[in-house]
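Structure, as structure tokens:
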Amino acid sequence: MLRKPILAANWKMNLGRSEEALAFFRKIRPGLNEIEDIDLVICPPATVLQQFAELLAPTRMALGAQNAHWEDRGAQTGEISALMLVDLCEYVILGHSERRATESSQETDQAINNKLKAVLSHGMTPILCLGENLEQNRAGQTDAFVSGQVRAAFEGVDAAQAATCVIAYEPIWAIGTGEAATPADANRVIGISIRGALAKLYDEDVAQQVRVQYGGSVTADNIGEFMVMPEVDGALVGGASLKPEFVELAREIVKSMPSGS
Ligand code: PEP
């Protein structure tokens with residue numbers, strides 16, 4: 001099955017002031033405007049989502065948030081609900097490892113499942129992040145852990161909705177470390193642990209429709225090696241999305257496509 005590549009920029013807690021976000025975007029916009037045939041998603045901090053909704057509207061690029069609460073409204077000080085994002089964003093990153101295990105958020109599998117369902121119910125596309133830590137990797141627990149994360153996140157989600165989701169396989173030890181997984185390992189985990197779990201939960205058709213990105217120290221130099229892997233449909237990029245290099249990274253994805261030049 002031919003799946004459309006998807007490249008997403010996760011700016012994390014950077015470029016959250018209007019002027020700095022705009023200054024950087026002005027640098028990358030001309031190059032990104034020329035990118036065709038792949039889905040490009042910019043996920044800036046919540047403070048500039050409104051501004052970026054307007055900036056991206058005339059472009060082919062889509063806007064993503066970095067998190068969403070599952071309740072539409074209520075006594076949740078500081079939270080931003082999926083409902084609040086609906087007029088701004090097409091995508092929402094969910095379950096990033098920096099939210100699953102940090103002292104400020106401690107997101108559980110149950111919370112991520114609630115968020116996934118809320119984002120889908122409001123017609124947006126989740127970019128569901130999952131991946132093992134170094135100890136799990138070394139202990140040979142990657143498959144069991146990652147497939148367990150898939151099962152927990154998709155609990156109660158029907159097949160039609162599941163097929164529209166994007167998953168980012170992000171081994172925690174590869175995020176922001178400069179030490180990416182090998183393309184062959186990423187391909188194996190995505191094929192066996194992620195698509196395998198989806199096929200068991202739903203069917204092979206759903207497993208083949210879901211787009212799965214690799215994330216973890218992706219650069220313009222290494223993205224080509226990931227994109228030739230049959231299970232890898234793009235990348236979720238942190239550090240390199242904050243540099244002008246991001247344009248080159250997007251170009252490399254286009255080049256890796258069968259008709260790319
Ligand atoms: C990320 O934040 O999702 C990520 C993959 O970061 P980096 O590209 O910096 O490893």
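Since every read-out is calculated from the coordinates, none of them should be taken as a lab result. All of these numbers come straight from a predicted model, not from anything done at the bench. So basically every Cβ, Gly included, is an ideal-geometry build from the backbone, and we count neighbours across all protein chains shown.
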Taking N as the number of residues in the range 198-241, what is its alpha-carbon radius of gyration divided by 2.2 N^0.38 Å?
-> 1.36
Could you give the length gained on full extension between N33 and T47, defined as 0.36 nm per residue of separation minus the Cα-Cα distance, in nm?
-> 2.7 nm
Per DSSP H run of n ≥ 4, the term is -39500 (n - 2.57); total these for the chain, divide by its residue number, and report the mean residue ellipticity at 222 nm rounded to 500 deg cm²/dmol.
-> -10000 deg cm²/dmol
Would you kindly work out the equivalent ellipsoid of the range 84-224 from its C-alpha gyration tensor and give its semi-axes, the square roots of five times the eigenvalues, largest first in whole Å?
-> 22, 18, 15
Its Cα gyration tensor gives the range 24-114 an equivalent ellipsoid whose semi-axes in whole Å, largest first, are 27, 14, 12
DSSP-assigned coil residues among trypsin sites (Lys or Arg not before Pro) in the range 43-106, each with at most 12 further Cβ atoms within 10 Å | R73
Taking K115 as the anchor, which lysines have their alpha carbon closer than 21 Å to its alpha carbon, excluding any fewer than eight residues away along the same chain?
-> K12
Pop a pseudo-label 7 angstrom from the Cα along the beta-carbon direction at both S105 and E135 and give the gap in nm to one decimal.
-> 2.2 nm
Under 13 Å from the Cα of K243 - aspartates and glutamates, other chains or at least 8 residues apart = E20
Kirkwood Rh and Cα Rg combined as Rg over Rh, evaluated for the chain = 0.93
Å³ per residue of the Cα convex hull, for the range 82-130?
-> 68 Å³
Contour minus Cα-Cα distance for V228 and R26 (0.36 nm per residue) = 69.7 nm
Computed over the range 24-75, the distribution of all Cα-Cα distances in 5 Å bins, rounded to whole %, is 4, 17, 26, 22, 14, 7, 5, 3, 1
Extension gain (nm, one decimal) between S121 and M257, 0.36 nm per residue minus Cα-Cα = 45.8 nm
Overall dimensions of the range 175-261 as given by Cα atoms, namely Rg and Dmax in Å = 13.5, 41
Take the Cα of A199, step 7 Å along the line toward its Cβ, and report every residue of the range 150-175 whose backbone nitrogen sits under 17 Å from that point.
-> 150-151, 163
